[in-house]
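Notes for the one structure printed next.
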Amino acid sequence: MSLTATIFDIQHFSLHDGPGVRSTVFFKGCPLSCFWCSNPESQHMFPEVLYYRSQCKQCGACLAACPEGLLHVEDGRVKRAQGCKACGQCTAACRYGAQILSGKKMSVSEVCDEVHQHWRIFMQSGGGVTCSGGEPMAQFPFLFELLKTLHEDIGLNTCIETCGFSSWENYRKILPYIDELYMDIKHMDSTMHQRGTGRGNEIILSNIRNMAQAGKDVTIRVPLIPSFNDTDENLEQLAGFMRGNGLRRVEFMPMHVYGRSKYEALGRTLDVDESRPPRTEVAVACLEAAGIEAAVQHL
Ligand code: SF4
Ligand code: SF4
């Protein structure tokens with residue numbers, strides 16, 4: 001039986017996920033739960049339905065379509081009872097884009113077929129395919145097969161963006177099949193990392209050290225979150241860690257709240273401090289002072 005993974009999006013013509021023009025495959029599910037996450041639909045491995053009240057015309061089509069009879073209208077919005085199987089009948093019935101199914105099972109060949117349509121653009125731009133998420137390493141057997149096929153059989157440039165929270169054994173296995181590598185550092189202090197993401201940082205920092213020792217060119221990515229990791233102390237520790245391990249490049253991604261509507265569509269709330277923006281210029285200056293190439297990516 002062919003391997004499948006739960007994928008929640010494949011975006012084409014991406015310019016921020018590696019060199020050239022790329023297709024980015026977003027894997028659903030992540031071992032971390034960052035409180036600022038801008039893609040809340042990426043966190044759980046299972047498919048989910050997002051309901052956008054502002055789009056809803058209350059036509060009732062989704063209520064009739066649900067085979068489980070789980071939907072009803074209350075206070076001017078569609079409510080979903082427990083037991084949703086994410087079958088997608090309601091989302092297919094909605095003509096207004098108010099119900100969106102996030103996450104579907106795809107095989108390696110289905111993903112390859114979809115991205116391969118753009119091979120000409122990859123060749124012309126020096127681009128390729130990036131596996132992102134969520135966390136692509138969380139569906140490792142599929143990721144391994146996908147990268148191997150894309151890199152070895154099709155000959156495309158491949159990249160992964162990872163939070164770093166997986167076994168070194170798995171990272172070691174995919175090394176021959178990736179050209180580019182982005183790894184996140186959310187906080188240098190493990191207790192703070194645990195507070196912000198639900199996990200300590202030991203495994204992540206160890207994997208990054210191992211990558212550097214294996215001679216892999218790693219770009220470090222840091223989501224810059226006000227009052228969490230943009231302090232002088234954390235930035236100086238980051239600079240020390242990078243310099244000590246020969247890591248030469250960091251990209252800061254300032255926190256944004258464009259994902260707020262997705263939280264509402266999932267019945268959740270985004271709870272972040274918006275009283276001031278992150279100290280982006282301070283962060284860049286601190287890392288550059290340590291001789292590290294630092295850039296800002298507005299995603
Ligand atoms: S996804 Fe399927 S089970 Fe869930 S509410 Fe929609 S129709 Fe019902
Ligand atoms: S089908 Fe769409 S527009 Fe109609 S009630 Fe359901 S969510 Fe609203």
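Within the stretch 38-75, being among the acidic types (Asp, Glu) and within 13 Å of ligand 1 (Cβ to nearest atom) holds for Glu48, Glu68.
For first residues located in the stretch 60-71 and more than 15 Å from Leu101 (Cα to Cα), partners that are of a type in the set (S, T, N, Q) and within 12 Å of ligand 2 (Cβ to nearest atom) and lie 6+ apart or on another chain with Cβ distances below 8 Å form the pairs Pro67/Gln89.
Among the residues of the stretch 215-238, is any part of a helix (DSSP H, G or I), among the aliphatic types (A, V, I, L, M), more than 21 Å from the chain's Cα centre (by Cα) and farther than 23 Å from Gly20 by Cβ? Yes, because at least one residue in the stretch 215-238 is part of a helix (DSSP H, G or I), among the aliphatic types (A, V, I, L, M), more than 21 Å from the chain's Cα centre (by Cα) and farther than 23 Å from Gly20 by Cβ.
Here is the figure for the stretch 49-101: residues that are assigned to a strand (DSSP E or B), buried (at least 16 other Cβ atoms within 10 Å of the Cβ) and not charged (D, E, K, R) total 8. Hey, Ile100 hits all of (1) within 11 Å of ligand 2 (Cβ to nearest atom); (2) in contact with a Phe, Trp or Tyr (Cβ under 6 Å, 6 or more places away or on another chain); (3) closer than 25 Å to Pro136 by Cβ but one; which does it fall short on? Exception for Ile100: condition (2).
Working only within the stretch 243-271, note down all residues that are in contact with a helix residue (DSSP H, G or I) (Cβ under 7 Å, 6 or more places away or on another chain) and of a type in the set (A, V, I, L, M). Break it down into steps so the answer makes sense when it comes.
First pass over the stretch 243-271, keeping only residues in contact with a helix residue (DSSP H, G or I) (Cβ under 7 Å, 6 or more places away or on another chain): 245-247, 250, 252, 254, 259, 262-263, 266, 268-270.
Once the filter is applied, which keeps residues that are in contact with a helix residue (DSSP H, G or I) (Cβ under 7 Å, 6 or more places away or on another chain) and of a type in the set (A, V, I, L, M), the stretch 243-271 yields Leu247, Val250, Leu266, Leu270.
Among residues that are open to solvent by 70 Å² or more (accessible area, probe 1.4 Å) and either of a type in the set (Val, Ile, Thr) or more than 10 Å from ligand 2 (Cβ to nearest atom) (or both), Pro40 is not included.
Does Val115 meet the test of being over 23 Å from Glu48 (Cβ atoms), of a type in the set (Val, Ile, Thr), buried (at least 16 other Cβ atoms within 10 Å of the Cβ) and in contact with a Lys or Arg (Cβ under 8 Å, 6 or more places away or on another chain)? So that I can check it myself, show each step before the final result.
Working: over 23 Å from Glu48 (Cβ atoms): yes; of a type in the set (Val, Ile, Thr): yes; buried (at least 16 other Cβ atoms within 10 Å of the Cβ): yes; in contact with a Lys or Arg (Cβ under 8 Å, 6 or more places away or on another chain): no.
No.
The values are calculated or read from the model by the stated rules, or taken from the named source; none is laboratory data. This structure is a prediction, so every number in the text was calculated from the model and none was measured. Every residue, glycine as well, gets a Cβ built from its backbone with ideal geometry; the counts of neighbours run over all protein chains shown. Surface areas here come from the heavy atoms of the whole protein model, side chains and all, with no ligands, DNA or RNA. Shrake-Rupley method; radii C 1.70, N 1.55, O 1.52, S 1.80 Å.
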